[in-house]
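Written below as structure tokens is the structure these notes are about.
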Amino acid sequence: MPEDSSNKQPPAGDDRNLVVVDEDFVNADTEDRLWLFWERNKDIIVKGTFGVVVGILAFLATFFWNEGRREALGEEFTACQDEAARRAFASRHPGEALAAVAITDVADDLKKAGKLVDAAKAYDEASRLTGLAGKAPAISALGTRARLYAALCRLEAGEAGADKAIATVADDVSAPSTLRGFAMLTLANLAVAKGDTAEATKWLNAMDKKLNPGHVWEADKKTLVQSEPSLVAPVAK
């Protein structure tokens with residue numbers, strides 16, 4: 001008598017009855033279909049979710065670490081109240097913008113105290129530090145200010161070649177217009193003091209041509225022109 005295959009049981013360890021077959025779920029409801037989707041894709045879903053969570057946690061950790069670090073750096077900078085402390089701060093954080101600010105503060109104090117040679121050197125150091133701190137506009141502007149003030153200190157100290165350093169800032173198209181204008185006005189005043197009307201007029205004309213109308217040095221330029229009859233009024237743009 002032939003065996004009844006309908007009652008035949010799979011041998012022990014045979015997991016064929018666990019295989020998910022689409023045909024078994026033709027008429028399945030939504031819950032069963034979700035279960036089927038999960039069974040087929042659970043490894044990918046778990047791994048993908050884990051990766052996303054790890055990425056988010058890493059981002060948040062980095063963000064809050066940077067925020068905490070910036071806050072701590074700011075507090076350390078604020079605590080520096082004298083030249084020695086500011087120089088020490090800058091030496092500890094040479095790649096930070098606040099290092100350049102610290103040395104600029106040192107240079108400003110030396111300039112106010114009339115220590116022009118030392119101030120010029122400190123401005124040079126501040127300019128170098130801005131180069132290490134990045135290329136953000138504010139940092140670049142701080143570097144330009146340091147270069148200009150270093151030159152102004154050397155000019156006041158009677159060093160040769162200071163006017164050429166000032167002219168470099170005046171001709172720097174990437175420099176803030178406020179600093180460029182001050183450099184041009186300084187050079188015009190120097191020329192007037194030397195009796196060089198042509199040179200003075202050149203820089204006054206440059207202010208008209210290269211600076212925006214109504215710049216902050218406009219009134220000072222007009223005062224200089226009115227005070228010196230030998231000057232030719234700068235031409236319009």
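The values are calculated or read from the model by the stated rules, or taken from the named source; none is laboratory data. Keep in mind it's a predicted model, so treat the numbers as computed, not measured. As a convention, Cβ positions derive from the backbone with ideal geometry for all residues, glycine included, and neighbour counts pool all protein chains shown.
Structure above, values below:
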read-out	value
G195, sole failed condition from (1) within 20 Å of the chain's Cα centre (by Cα); (2) not in a helix (DSSP H, G or I); (3) not charged (D, E, K, R)	(1)
Residue that is farthest from the chain's Cα centre (by Cα) [pool: residues in the range 209-229 that are in a helix (DSSP H, G or I) and under 13 Å from A170 (Cα atoms)]	K209
A160 being within 22 Å of M184 (Cα to Cα), more than 23 Å from the chain's Cα centre (by Cα) and modelled with pLDDT of 95 or more	no
Of all residues in the range 163-175 being surrounded by 15 or more Cβ atoms within 10 Å (Cβ to Cβ) and not β-branched (V, I, T), the one that is farthest from the chain's Cα centre (by Cα)	D163
Residues within the range 167-182 that are modelled with pLDDT under 95 and among the aliphatic types (A, V, I, L, M), tallied	3
Residues (closer than 16 Å to A138 by Cβ and not β-branched (V, I, T)) located in the range 74-125	G74, F77, G95, E96, A97, L98, A99, A100, A102, D105
All positions within the range 70-119 that are within 19 Å of the chain's Cα centre (by Cα), surrounded by 15 or more Cβ atoms within 10 Å (Cβ to Cβ) and over 21 Å from R147 (Cβ atoms)	L73, F77, H93
